[in-house]
Amino acid sequence: QVRLVESGGGLVQAGGSLRLSCAASGRTVSQYAMGWFRQAPGKEREFVAVISRSGGTTSYAEFVKGRFIISRGNAENTAYLQMNSVKPEDTAVYYCAAVNGGGVYTESSRYDYWGQGTQVTVSS
């Protein structure tokens with residue numbers, strides 16, 4: 001199995017920046033697309049961003065375009081979400097997820113592995 005652990009969450013003021021990290025252990029993730037999802041209180045989990053296994057293709061939810069950047073680390077077992085110009089509505093638990101495939105996937109049901117989540121709170 002692949003184990004994913006997120007870190008980097010915390011409290012940030014509106015307009016600020018935050019960088020989330022995802023560390024993978026177990027099976028290699030070189031053949032896995034890596035995605036970020038979030039879940040706000042009282043709402044369903046929603047897609048944020050995804051990067052292909054090669055790192056050559058990305059896809060973003062409309063509400064984060066121009067603000068967030070997803071990337072893969074130099075190592076095969078890391079992924080990041082750079083969050084810029086954050087808004088109070090970005091407040092949520094952010095989850096890292098992985099799926100073995102060559103494309104980019106926006107549906108949570110496509111993902112086989114999930115981290116425990118990291119809390120991001122944006123104050124106004």
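Structure above, values below:
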{"read-out": "Rounded if a/c under 1.5, otherwise prolate or oblate - the chain, Cα gyration tensor axes", "value": "prolate"}
{"read-out": "Rounded to whole Hz, the Karplus (6.51, -1.76, 1.60) HN-Hα couplings of segment 35-47, x for glycine and proline", "value": "x, 10, 10, 9, 9, 8, x, x, 10, 7, 5, 10, 6"}
{"read-out": "Cβ-derived FRET efficiency at R0 25 Å, LEU11 paired with PHE63, nearest 0.05", "value": "0.75"}
{"read-out": "Ordering of 81-90, 41-50 by packing [mean C-beta count within 10 Å, highest first]", "value": "81-90, 41-50"}
{"read-out": "Contact order normalised by residue count of the chain, Cα under 8 Å, 6+ apart, percent", "value": "36"}
{"read-out": "Amide proton proximity set for ARG27, modelled H, under 5 Å, gap of 5+", "value": "VAL2, ARG3"}
{"read-out": "Solvent-accessible area, 1.4 Å probe, carbon plus sulfur percent, for the chain", "value": "43"}
{"read-out": "Per residue, in Å², the accessible surface of segment 51-124 once ligands and nucleic acids are set aside, probe 1.4 Å", "value": "49"}
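The values are calculated or read from the model by the stated rules, or taken from the named source; none is laboratory data. Just so you know, these numbers come straight off a predicted model, no measurement behind them. All Cβ positions, even for glycine, are placed from backbone atoms using ideal geometry, and neighbour counts span all protein chains on display. Surface areas here come from the heavy atoms of the whole protein model, side chains and all, with no ligands, DNA or RNA. Shrake-Rupley method; radii C 1.70, N 1.55, O 1.52, S 1.80 Å.
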